[in-house]
Every structure is written in structure tokens, then in C-alpha cells.
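What follows is calculated from the coordinates using simple rules that are stated; it is not laboratory data. If you're wondering where the values come from, they're calculated on a predicted model, not measured in any experiment. Every residue, glycine among them, receives a Cβ derived from its backbone with ideal geometry; neighbour counts consider all protein chains shown.
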Amino acid sequence: MSDELTVVTVTYSPGPHLGRFLATLSHATERPVRVIMADNGSTDGSPEEALERFPNTRLLRTGGNLGYGTAVNRAVAELRNDSADLDLFVVANPDVQWGPGSIDALLEAAGRWPRAASLGPLIRDPDGSVYPSARHQPSIIRGGMHAVIGPVWRSNPWTAAYRQDRLEPSERPVGWLSGSCLLLRGAAFDQVGGFDERYFMYMEDVDLGDRLGKAGWQNVYVPSAEVLHDKGHSTGRDPARNLAAHHRSTYTFLSDRHNKPWQAPLRWTMRGALEVRSRLAVRSSRRKVRGRH
């Protein structure tokens, strides 16, 4: 196996985040790294600037704003065509900043967990707090109560259980890991067909973790690796649109897992509840935007 490690990031006018992503990458691993930027239609020039500043980068134009998972799949397919070694590879958002040795810690954990298909670090928000990036799969009760009650009662027990908020960070298998930063095992990624391209944004990481688990692989949380994620970069551009996309993706995920004919009433109920919650959330978001202006 080659020592060179591939890092895939999806860019969509990432601004100065991309420069910080690439600059801190040199502290994350002692292995040589090549970065492929799957660009979904950036107009700010930052991917082109990165090509000039960082010689280990490559730009792949996807041809449009295809969504996160689809862009990653395009990059992986391109690398396969080049006969690239993808035994282990990293997928990360361009608004991630790498902690010292973070990728090496993930690689070491991959050696300890040979059935780990995905490994994720401890993720900190810009204020230093720990983001709950390692979670259970969303069951109807746990996930449903989190979705419906979570926005109005943040400390409710269903949300805490789903997000594993009350567990101390420890290296362990979990239901799914945040797609903002993952070390992936190529054989497992290929086995399940990569990301499901029906998800434009949101829930593609939940879906991937679920399918990997059902295929006999593990998703392993590795808190000895740390990164910082400025997630407001992507979610803050058009919050109303993003909220609507989140609810559509949630319905796609839940309806897939409850697709029996006799479960049709459950799907109708989920769709109706999510549509109402989506309208309320979008309306609230737009009021906040108008208030700021």
C-alpha cells in the first residue's frame, strides 16, 4: 500500500475556509497527502487559488451543484479511473480545521478496528464545545421524538439518547458519524455503493452509516482525533432552503426504512408531521432573517 493518503473535499465557494483546511492538513498527518477538490460550481475563485498555493491539490469540476454525497462519489470514481490507492481515504468538509495528528490518530484506530468502515474524530464547534457527532441510528420513537420535540425542549431525554449527549467521549462503535470528517475504508465504501445520491444535503451520512452497519461493518468514534468544524459556513447561506432540504432528506431516510405496504399509514403520518414542522421552521427562519435586516 502506498504511503500517500487521499483526502476528498467538496467545494462550493468555500472562501477562506479552504485555505485553512489545506494549511492545517500538514499538521494532521506525517504521511504525504493529495487532495482532490470536487467542486460543485464555486464562483469565488478559492479552489483555483488553492491550486496555486498548495501543490498537492487537484480540482475536479462536477459540472454543477450536485450535492455533497454525489460530488464525493464523482471524486472517488475519478480516482478509481486513475488506479488510485483508496484502501483508506478521508472525506471532509472544507470548513474543517485539522487538529495536530488528527488523521494519524484515525489511521491508528483503523488498525485497531479492522471491521471499521468509517472512523470519525471528536468535532469541536468554533466556541470550543464538543459537537455530538457520534450518534445512534434514529429509531421511530427516539428519532421521531428528537425531531418533533427537540426544537422546543432541547434537554428532552429522547434527544439526549439519540445524540449520546450524556456519554463521555470514548473510542467505540456507534450508529453513524458526522460526514463532515470521515476516514473511510475503500472496500466497504465500494461494497455499499458509496453515498446515496438521492440525498442532496443532510442525512447522507446517517444513511451511509446505516447501510455500512447492515453490511456487517462498523462506524467507530475516535475522540483521540480532534478537528474544528465551522459548520455555519454551509448552513448559514440560505437557512430556510437548508431547513426544507433537511426535512425532505429525513423523510427519504425514514420512508426507506419503513417501506412495507402495511406501514403506509406510518409513512403518511411522518410525511405530514415533517411537512408541518418544515413549514414552521422555514417561517421562523425567514422571520429571523427579516429581523436582522
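Worth pointing out:
- Site pair E171 and D104 shows an inter-label distance of 1.5 nm when each label is modelled 7 Å from Cα along Cα→Cβ.
- By the count of other C-beta atoms within 10 Å, a proxy for reagent exposure, T9, T24 are ordered fewest to most as T24, T9.
- Residue order, fewest to most surrounding Cβ atoms within 10 angstrom, among V91, V130: V130, V91
- FRET efficiency for Y131 and R80, using Cβ-Cβ distance with R0 set to 30 Å, rounded to 0.05: 0.45
- Range of Cα positions in the range 61-122 per principal axis (Å), largest first: 38, 27, 17
- Taking the fewest neighbouring Cβ atoms within 10 Å as the starting point, the ordered list for S102, S42 is S42, S102.
- Taking amide H atoms as placed 1.01 Å from N in the peptide plane, the amide H of R172 lies under 5 Å from those of Y221, each 5 or more residues away in sequence or on another chain.
- Calculated FRET efficiency for the pair A215/E49, C-beta based, R₀ 35 Å, to 0.05: 0.35
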